[in-house]
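Student: Just passing along the structure, written as structure tokens.
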Amino acid sequence: MYKFLILMSCFVILGASKCEHKKEGAECSDTATLKDFTGLDGCGFLIVLDNGEKLQAVKYHDNKKIQLKDGQRIKIGYKEVDNQMSICMAGKMVEVTCIEFLESSTTPSRPAKTGGIKPVKMECVETLDPYYNDWMLITLEKTNAYQVVRYTYRTDGFAYYFLGSKGNMVVDCQGTIICECDSRETKCDDVTKNFTDELVIWEKD
């Protein structure tokens, strides 16, 4: 009887281990959006998870050829890859172990009996990383920024000043443009004179 119980315990442990291994990275459990960042420091299509995290897919399961479409909603499973290098600094490299394509929708949702579009409050971004989200990446590319400065703005928020060879832009922490001008103009410099707590958070090497 004692030997039988030991044998049964081994089967249970082995079975649980096998199931756990199968679950890791194999299920399509994370929803995300495909975003085209071509032209940004060697980046191409990135997978942007719903929590804002960005992934570089260096391999798809079974080497599948995936038709990439900007804005495509997907559901994926993945595991990190640490034996490859990339010049794109906007996301960690992963192998996509599972992918499902979802219906894309760009139509805002309308709540019942309101007669209008449900307003969505944008997150106020407080970061020292100019690669943090989509609008910061787009602003980096648009201005070809060589420096990003953060300020305290309106007592409870932040503003980011992107100085670049293609232009200068001041953007608040929700991604709204406060000022935009040519790189040789001083209009945005004048705007930031009213801000406080100047901090250079990034400079191009």
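The values are calculated or read from the model by the stated rules, or taken from the named source; none is laboratory data. Quick caveat, the model's predicted, so the values are computed rather than measured. For neighbour counting, all protein chains shown are included, and Cβ atoms are generated from backbone atoms with ideal geometry for every residue, glycine included.
Student: Please verify whether the stretch 3-26 includes one or more residues that are acidic (Asp, Glu) and at pLDDT 85 or above.
Tutor: No, the conditions are met nowhere in the stretch 3-26.
Student: State all residues of the stretch 131-150 that are more than 14 Å from Gly167 (Cα to Cα) and assigned to a loop (DSSP other than H, G, I, E, B); if no residue qualifies, say none.
Tutor: Listed by number, the residues that qualify are Tyr131, Tyr132, Asn133.
Student: Which residues, counting only those in the stretch 60-99, are of a type in the set (S, T, N, Q) and over 17 Å from Leu34 (Cα atoms)?
Tutor: Within the stretch 60-99, Asn63, Asn83, Gln84, Ser86 meet the criteria.
Student: A further question on this structure: When only residues in the stretch 138-170 that are within 19 Å of Thr186 (Cα to Cα) and of a type in the set (D, E, K, R) count, which is farthest from the chain's Cα centre (by Cα)?
Tutor: The residue in question is Lys166.
Student: Given (1) assigned to a strand (DSSP E or B); (2) over 24 Å from the mean Cα position of the chain (by Cα); (3) modelled with pLDDT under 95, where does Glu198 come up short, assuming only one miss?
Tutor: (3)
Student: When both residues are 6+ apart or on different chains and their Cβ atoms are under 6 Å apart, which pairs have a first residue that lies in the stretch 29-50 and is within 19 Å of Thr139 (Cβ to Cβ), and a second that is at pLDDT below 85 and among the acidic types (Asp, Glu)?
Tutor: That search, which allows pairs on different chains as well, returns Asp36/Asp70.
Student: Take the residues in the stretch 184-205 that are free of Cβ contacts under 8 Å to residues at least 40 places away in the same chain and surrounded by 13 or more Cβ atoms within 10 Å (Cβ to Cβ); name whichever of them is farthest from Tyr131 (Cα to Cα).
Tutor: Result: Glu185.
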